[in-house]
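Structure first, then comments.
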Amino acid sequence: MKSPENEKYEKALEKMSPFEIKSTLIDLAENDAKLNTATFLNAGRGNPNWILSYPRKAFFLLGDFAMQEADRFKYDESIGIVESPKQEGMARRFVDYITSRKKEIGAKVLNHFYTHMTTEMGADPDELVFELVDGILGDHYPTPPRILKYTEQIIREYLCQAMGGEDDKTVYDLFATEGSTAGMCYAFESLQQNFLLNRGDKIALLVPAFTPYLEIPHLEEFGLQVVNISANRVDHEGYHEWQYPKEEIDKLRDKSIKAVCVINPSNPPSVCLAPDVLGQLVDVVKKDNPNLMVITDDVYGTFIKGFRSLMYVLPYNTLCLYSFSKYFGATGWRLATMALRSDKNVYDDLLAALPEEKKRQLAKRYESMTLDADKLKFIDRLVADSRLVALNHTAGLSTPQQIQMALFAAFAYLHCDELQPKLISMVHERLENLWSTTGFKLLPDPNRAGYYSEIDLMVWAKKIYGDDFAKYLNKNYQPLDFVIRLADKTAIVLLNGDGFDGPKWSVRTSLANLNKEAYLKIGTAIRYILDQYYKEYEKTKK
């Protein structure tokens, strides 16, 4: 039977972010693992347990070459004070170096990158190699601060491929940031500072959503009204499709909604917007809300073959954030980019339409960096605002990070047909293992990324044990009780789905951070806990 003390504790915990609750669950799970023979399994956070080694080997080999370049001219050899490398002749020395190491994987990756950039992209050889060397050594401020020249070119090319641009010729300006979470913070800050979002304005969130995106708009410094657009579409048998019904998307026809934040594919359902939903979004914007600012976080897009981002569906309206954290196993690197259409976009047009008084205020804000603030593009304001404008001259992501990001992008672009199917297959194997031991039915879905799985336990409580049991469960227990029991009884950590504005009795499992065999155990444990509730229900009947 439930404990009133536990119920009170669970209600208090529910006010916290699931990422903060996770610490409590880990303590419970680790304690259970110590007391029993259970293995502690944490599927609560989406940090992948793989890394892409080849572009990293290229990075470290490039570092060795860069140090050889630096050692060519010494100020004081006894203590290692050397001169910053010079550009002249660097490409020839670079080619000689990687040729001498040609059997090494890192050299092969560097050669492929160099050849692609100088032949197909038309890069100046010495200028390109100098950017790589100077960047990896980190001996100058990022110049331009928004992103390095050739780094931007290769990431543009990769994003076009990865985000479904295909032959689209739209050019995007990029801003390299320390993870997409930093990019989201910068976006909200600049929108507010530039009067594009003001206190009391309405924005929409497509939910379920990554918890911080739920929390940011409600912070005191923003004070925004939030309209939830819910992925509550179900099929005729009551199974979740994790898509948005027409009436939900139609909420965006309200012109008082200034912006919408999207995670695509979603987190935690891990499903991308279906073609009919994309079509309706286009209809909403074209017919009723042409100035809607769309901010989309597409970090999981590369886990769906043929994924198409809103940056190519609604290019005029969309600011896209893409993180390298998940696909490349690089959460610790903090690598991401923001992409905004270069020639014409809604953000710049809304700035141009501001009242003269607000333009004068903004001219004052940006006067330390430009004499003509009216011509300062929104993406460059993002860069400046990220350093409170006054420090714009020292803005930008660290150059070693940018070089690793360039090597990641080049490798994924040049090896897409080999790499993407393998990563997709890996997460899907784990997903299938998870569901195979729950006894639940995993429906096929071409829009599923499978990086996470959100399981609505109430659906399966009804399907397996009937409506009366589902009512009993809902009446007698807090939804958080399930993940607490799971941690306490089986040493397994999952996150509560309602913390992401998902269904109250849903749980989120990350398919990224454990080996596939672990998900067989997790599925078994999920069903075990549900069955325990049913046994308690049967006792009440007797």
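Once R0 is set to 56 Å, what does the formula 1/(1 + (r/R0)^6) return for the Cβ-Cβ distance between Lys86 and Glu432, expressed as a FRET efficiency to the nearest 0.05?
According to the calculation, E is roughly 0.50.
Short version: what are the Cα gyration tensor semi-axes of the range 363-418, square root of 5 times each eigenvalue, largest first, in whole Å?
Its equivalent ellipsoid spans semi-axes of 33, 13, 7 Å.
Per residue Cα convex hull volume for the range 97-227, in cubic angstrom?
178
Please compute, over every Cα-Cα pair in the range 151-309, the percentage with a separation greater than 19 angstrom.
58
Provide, for q = 0.07, 0.09 Å⁻¹, the log10 of I(q)/I(0) from a solvent-free Debye sum over equal Cα point scatterers in the chain.
-0.46, -0.74
Need one number: nm distance between label points at Asp531 and Glu77, each 7 Å from Cα along Cα→Cβ, rounded to one decimal.
7.4
Compute the semi-axes of the equivalent ellipsoid of the range 176-242, taking the square root of 5 times each eigenvalue of the Cα gyration tensor, and list them largest first in whole Å.
The equivalent ellipsoid of the range 176-242 has semi-axes of 28, 15, 9 Å.
Which order do peptides 390-398, 452-460 fall in by mean Cβ count within 10 Å, highest first?
The most tightly packed comes first, giving 452-460, 390-398.
In percent, what relative contact order does the range 200-316 have, based on Cα pairs under 8 Å that are 6 or more apart in sequence?
25 percent.
Report the extension gain between Val282 and Asp250 in nm, rounded to one decimal, defined as 0.36 nm multiplied by the number of residues separating them, less their alpha carbon distance.
Taking Val282 through Asp250 to full extension adds about 10.4 nm, to one decimal.
What number comes out for the charge environment of Gln401, summing +1 per Lys or Arg and -1 per Asp or Glu over other residues with Cβ under 15 Å away?
Its environment carries a net charge of -2.
Which three semi-axes in whole Å describe the equivalent ellipsoid of the range 35-103, each the square root of 5 times a Cα gyration tensor eigenvalue, listed largest first?
42, 18, 10
How many angstrom separate the Cα center of the range 245-322 from the Cα center of the range 117-174?
27
Given all pairs of different Cα atoms, what value in angstroms does the Kirkwood hydrodynamic radius of the range 403-450 take?
Kirkwood hydrodynamic radius for the range 403-450: 12.8 Å.
Mean shadow of the range 252-354, computed from the convex hull of its alpha carbons, in nm²?
Computed as one quarter of the Cα hull surface, the answer is 7.5 nm².
Using only the Cα atoms, what convex hull volume per residue in Å³ does the range 323-386 have?
Enclosed volume per residue, from the Cα hull, is 105 Å³.
Keeping every protein chain present and rolling a 1.4 Å probe, give me the accessible area per residue for the chain in Å².
Here the per-residue accessible area is 43 Å².
Set Lys and Arg Cβ to +1 and Asp and Glu Cβ to -1, take the dipole of the range 76-214 about its Cα centre, and tell me which of Leu128, Ile203, Thr177 lies farthest positive.
Ile203
What ranking of Phe73, Phe94 comes out by heavy-atom accessible area, probe 1.4 Å, highest first?
Ranking Phe73, Phe94 by accessible area, largest first, yields Phe73, Phe94.
Run the simple label-point estimate for Lys344 and Glu367 please: 7 Å along Cα→C-beta, distance reported in nm.
Using points 7 Å along Cα→Cβ, the separation is 3.4 nm.
Can you sort Thr490, Thr119 by solvent-accessible area, 1.4 Å probe, largest first?
Largest accessible area first, the residues go Thr119, Thr490.
Over the range 162-209, what portion of Cα pair distances is larger than 18 Å, expressed as a whole percent?
55
When only C-alpha pairs under 8 Å and at least 6 residues apart count, what is the relative contact order of the range 258-333, in percent?
31
Taking 2.2 N^0.38 Å as the expected size of a compact globular protein, what ratio does the Cα radius of gyration of the range 403-542 give against it, to two decimals?
Relative to the rule-of-thumb radius for its length, the range 403-542 sits at 1.25.
Taking all protein chains as present, what is the carbon and sulfur share of the accessible area of the range 229-364, in % to the nearest whole number, probe 1.4 Å?
The C+S portion of the solvent-accessible surface of the range 229-364 is 53 percent.
Measuring from the lowest to the highest alpha carbon on each principal axis, how far does the range 460-541 reach, largest first, in angstroms?
40, 26, 23
Pairs of alpha-carbon atoms within less than 8 angstrom and 6+ residues apart define the contacts here; what relative contact order does the chain have, in percent?
Taking the mean separation of contacting Cα pairs over the length of the chain, I get 23 percent.
Collect residues whose amide H, placed 1.01 Å from N in the peptide plane, falls under 5 Å from the amide H of Gln225; neighbours closer than 5 in sequence don't count.
When sequence neighbours closer than 5 places are left aside, the close amide H contacts are Gly200, Asp201, Lys202, Ile203.
Shape verdict for the range 116-191, please, from the Cα gyration tensor: rounded (a/c under 1.5), prolate (a/b greater than b/c) or oblate.
Because a/c hits 1.5 or more and a/b fails to exceed b/c, the range 116-191 counts as oblate.
The values are calculated or read from the model by the stated rules, or taken from the named source; none is laboratory data. Quick caveat, the model's predicted, so the values are computed rather than measured. As a convention, Cβ positions derive from the backbone with ideal geometry for all residues, glycine included, and neighbour counts pool all protein chains shown. These area figures cover heavy atoms from the full protein model, side chains too; ligands, DNA and RNA do not enter into them. Shrake-Rupley method; radii C 1.70, N 1.55, O 1.52, S 1.80 Å.
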